[in-house]
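To start, the structure under review is shown below, and the notes come after it.
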Amino acid sequence: MSMEIKGQVVSGKIAIGQIFVFRKRIPVITSETTNDPEKELSSFLLARDEAIEELKVLEEDATEKMGEEEAMVFSVHGMLLEDQDFEEAVKEGINAGHNASFAVKKAGDDLAAFFASMEDNAYMNERAADFKDIASRVIRKLQGIEDGIKLPEHPVILVAEDLVPSDTLGLEKEKVLAFVTSKGSTNSHTAILARSLGITALVNTGSEFSDDLTGQIGIVDGEKGVFTIEPDEETLSEYRRKKEEIQREDEELKQLIGKETRTKGGQAIKLYANIGNPSDAVKALEYDAEGIGLFRSEFLFLGKNDYPSEEEQFENYKEVITLMAGREVIIRTLDIGADKQADYFNLPKEENPAMGLRAIRLCLERPEIFKTQLRAIYRASAFGPVGIMFPMITSVEEIDQILDLTETVKKELKDESISIGNVELGIMIETPAAALISDLLAEKVSFFSIGTNDLTQYTFAMDRQNASLEPFRVPNHPALLRLIEMTVQNAHKKKVRVGICGEMGADFDLTKYFISIGVDELSVSAPKILALRKHIRELA
Ligand code: PEP
Ligand code: MG
C-alpha cells in the first residue's frame, strides 16, 4: 500500500528507484563473562585471522588506488594483530573469565593507554589509536558486523536512521539516487555532502524505517519534502513526467556556462563552489564555478587510520589547483572536531565538542600537524592561485600566531629551494566574536568568508545538528543579518573581500540582499551554481 512520509528538504530534485535500508550495527558487549574460555579463545583466533585477511585486501586495494604510503597503515595494523603482545593480552582476559569481545576491547584499551602515556614520544602516542582500531575490527568480526555501507549492485534510495561523514565517505556515490534519514538536520555534513553531489535528500522524517522496505519502490520529492513508498501507478507516472521536466530545465541551465554573473542593473558577484575533494572540483568545473570558495580539507583526514602525509596532501591540493586551471582555490585548513572526528587524533572526550578543542584551536595546539598542512598547501601554490583560509577564528592573537607559523613555513621552504606561488591569507567569520571584531581582523588578512552555518549555531546557541530545534529557527533573523552586514562593511573599509560560504549563500531569497550589501562572492555547492546565475541575471 502506498505511504507518504514528510521530511525536511536538503537538496531538491526527484528520485525514483528501489529503496535500500541501511541499519548501522554498533558492536555491543552485553556481558563481561564466559563459562567456556576455550570456545571464546577459538572465536577470537578465528575473528583475528579474518581481520588479518581483510587488512591484506584493504592494503592491496589502497596501494592500487592511493599508493604505498597510504596503504601502509593497513600493513601496520596487520602486523599489530599478528603480534604476540596483543594475542597474549586477549588470552589473559579470556583466562580471567571474560568473553572474547570484552577481552579484545580490554586488550585494545589497555595497550592504547600504555602507548598514550609514553611521554615526549608523539609517534608512540599515535599508536594508541591503532590498538583501538584493531580491537574494534576484531570485535566487528566477532559480531559479524560489516564495515561501512555495502550497497546492492543497482542504484538505490538510501534510507537510514542517520548518516555521519564516516558512513558516507566510502560510499559509491554513483549508486545513490537519494538519501532519506529519520534523524539529522539540514545543516549536518551529510546534508552538505548530498548538496555537493547534487543528490536529492530528505532528513528528519521522524519515522522508523523497517528493513522490509528494502527492495520496494520509492519516490523522493526533494521539492515538497515527501518520500512516497510503493506509489500507485498514477503517482509514479506523474513523478516520471516531473523528473523529465527537471532534466529538461537542467539542460537549459547549461546555456549559462561561460556567461557573466551580473544583475540586469549591472551588479556583478562571483559564484564559487564548495568542495571536499578533487572529484568535487571536477563537478565545480562542469557547473562553471568561477573558483573554489571553500575546500573543506578535513575530508582528507576523515575515514583514515593515520594522518595524511605532507606528500599526500600536496598531491591532493595540487590536483584541485591544476584542475581549476587558473581559477582561484581557497583551501580551508583543517576543521576537525565536533561531528568531524578521526580516532587517530586521540582527542579528549569533551562535553561540548562543537565548542571545544577544534579547528584552528587544535591546529595551534598541535603545530606539527598544522605545519605539515601549511607546507603542503604552500608547495601546491606553485601550480595556481591559492587562498589559505583559517576556520573558527575568535581573536587577533590567533591570527598573529598563524602568521608566525606561515612565515616559518615559507622560510623553511625557501631554505629548501622549494618554490611557492602567490598565496593570499583569509579567515572564516563564523563566530560572533569574529564578526564583532571584524574591523580589527580586517587589518590582518586579505579576505573573509562568512560561514553562516556555524555563525548561526553560535549566535543563537543552537546546535546545527539538532533537528528538534527546527521550530525555533527564525529565517533571516536580524541578529544574523546585522553580523553579516557589519562584517562586510568593516571588510570593505580595509579593502578586504568578503564571500559567503555557508549554506545561506545558496538561499535565493537572500541573493538580492547579499548583492545589495556588497558581498563579493557566494560559494555554494556546485550543482546550485547555474540556477543561482540564472536567478541573479533575472534580478533588477
Ligand atoms: C560554515 O560554518 O558555515 C561553513 C561553511 O563551514 P562548515 O559547514 O564546514 O562548518
Ligand atoms: Mg564552519
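The values are calculated or read from the model by the stated rules, or taken from the named source; none is laboratory data. None of the values given here were measured: they were computed from a predicted structure. Positions of Cβ are backbone-derived with ideal geometry, glycine not excepted, and every protein chain shown enters the neighbour counts.
Laid out as a table, the results:
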{"read-out": "Residue within the stretch 328-339 that is out of contact with any Pro (no Cβ under 8 Å at 6 or more places or on another chain), within 16 Å of ligand 1 (Cβ to nearest atom) and at pLDDT below 95 present", "value": "yes"}
{"read-out": "The stretch 348-361: number of residues that are closer than 17 Å to ILE399 by Cα and either charged (D, E, K, R) or surrounded by fewer than 20 Cβ atoms within 10 Å (Cβ to Cβ) (or both)", "value": "3"}
{"read-out": "Options ARG327, ARG262, ARG332; residue that is closer than 16 Å to GLY502 by Cα and basic (Lys, Arg)", "value": "ARG332"}
{"read-out": "Some residue of the stretch 268-275 being surrounded by fewer than 16 Cβ atoms within 10 Å (Cβ to Cβ) and modelled with pLDDT of 95 or more", "value": "yes"}
{"read-out": "Residue tally, condition of a type in the set (Asp, Glu) and touching a helix residue (DSSP H, G or I) at 6+ places or on another chain (Cβ under 6 Å), over the stretch 313-338", "value": "2"}
{"read-out": "Hits in the stretch 372-394 (condition: part of a loop (DSSP other than H, G, I, E, B) and within 15 Å of ligand 1 (Cβ to nearest atom))", "value": "PRO391, MET392, ILE393, THR394"}
{"read-out": "Any pair with Cβ under 6 angstrom, 6 or more apart, that starts in the stretch 447-460 at a residue that is within 6 Å of ligand 1 (Cβ to nearest atom) and ends at one that is aliphatic (A, V, I, L, M)", "value": "GLY451/MET428; THR452/MET504"}
{"read-out": "Pairs, first under 26 Å from LEU364 (Cβ atoms) in the stretch 380-392, second within 16 Å of ligand 2 (Cβ to nearest atom) and of a type in the set (S, T, N, Q), C-beta under 9 Å, six or more apart", "value": "GLY387/SER449; ILE388/THR333; MET389/THR333; MET389/SER449; PHE390/THR333; PRO391/THR333; MET392/THR431"}
{"read-out": "Within the stretch 297-307, tally of residues that are in contact (Cβ under 8 Å) with a residue 60 or more places away in the chain and either among the aliphatic types (A, V, I, L, M) or outside any helix (DSSP H, G or I) (or both)", "value": "6"}
{"read-out": "Within the stretch 318-344, considering residues that are among the hydroxyl-bearing types (Ser, Thr, Tyr) and over 13 Å from ALA376 (Cβ atoms), the one farthest from ligand 2 (Cβ to nearest atom)", "value": "THR322"}
{"read-out": "THR459 vs. criteria in contact with a helix residue (DSSP H, G or I) (Cβ under 6 Å, 6 or more places away or on another chain), closer than 21 Å to GLU365 by Cα and either at pLDDT 95 or above or more than 14 Å from ligand 2 (Cβ to nearest atom) (or both)", "value": "no"}
{"read-out": "Cross-chain or 6+ apart pairs with Cβ under 6 Å, the stretch 519-540 first and over 18 Å from GLY266 (Cα atoms), then part of a strand (DSSP E or B)", "value": "SER523/TYR272; SER523/ASN274; SER523/GLY293; SER523/LEU294; SER523/GLY499; SER525/ASN274; ALA526/ALA273; ILE529/LEU271"}
{"read-out": "Pick from the stretch 438-456, criterion crowded, with 17+ Cβ neighbours inside 10 Å and aliphatic (A, V, I, L, M), ranking: nearest to ligand 2 (Cβ to nearest atom)", "value": "LEU455"}
{"read-out": "Subset of the stretch 19-67 (residues that are more than 21 Å from ASP130 (Cβ to Cβ), in the same structural domain as LYS105 (by TED's automatic domain parsing) and in contact with a His (Cβ under 6 Å, 6 or more places away or on another chain))", "value": "none"}
{"read-out": "Hits in the stretch 384-398 - residues which are of a type in the set (A, V, I, L, M, F, W, C) and surrounded by fewer than 20 Cβ atoms within 10 Å (Cβ to Cβ)", "value": "VAL396"}
{"read-out": "The stretch 348-371, subset part of a helix (DSSP H, G or I) and more than 20 Å from the chain's Cα centre (by Cα), residue nearest to THR408 (Cα to Cα)", "value": "LYS371"}
{"read-out": "Check on TYR272, touching a residue at least 40 places away in the same chain (Cβ under 8 Å), in contact with a helix residue (DSSP H, G or I) (Cβ under 7 Å, 6 or more places away or on another chain), closer than 30 Å to PHE448 by Cβ and not assigned by TED's automatic domain parsing to the domain that holds LEU197", "value": "no"}
{"read-out": "Out of LYS183, LYS91, LYS106, sole residue that is free of Cβ contacts under 8 Å to residues at least 40 places away in the same chain and basic (Lys, Arg)", "value": "LYS106"}
{"read-out": "Candidate set: the stretch 491-521, residues that are small (Gly, Ala, Ser) and more than 15 Å from MET428 (Cα to Cα); chosen: the one surrounded by the fewest Cβ atoms within 10 Å (Cβ to Cβ)", "value": "SER516"}
{"read-out": "Some residue of the stretch 94-102 being free of Cβ contacts under 8 Å to residues at least 24 places away in the same chain and either surrounded by fewer than 18 Cβ atoms within 10 Å (Cβ to Cβ) or basic (Lys, Arg) (or both)", "value": "yes"}
{"read-out": "Hey, PHE102 aromatic (Phe, Trp, Tyr) and either in contact with a His (Cβ under 9 Å, 6 or more places away or on another chain) or at pLDDT 90 or above (or both) or not", "value": "yes"}
{"read-out": "Residue within the stretch 416-434 that is within 16 Å of ligand 1 (Cβ to nearest atom) and surrounded by fewer than 16 Cβ atoms within 10 Å (Cβ to Cβ) present", "value": "yes"}
{"read-out": "Condition check for LEU362: in the same structural domain as PHE295 (by TED's automatic domain parsing) and either in contact with a Gly (Cβ under 6 Å, 6 or more places away or on another chain) or within 16 Å of ligand 1 (Cβ to nearest atom) (or both)", "value": "yes"}
{"read-out": "Candidate set from the stretch 122-164 (those that are outside any helix (DSSP H, G or I) and charged (D, E, K, R)); member that is surrounded by the fewest Cβ atoms within 10 Å (Cβ to Cβ)", "value": "GLU153"}
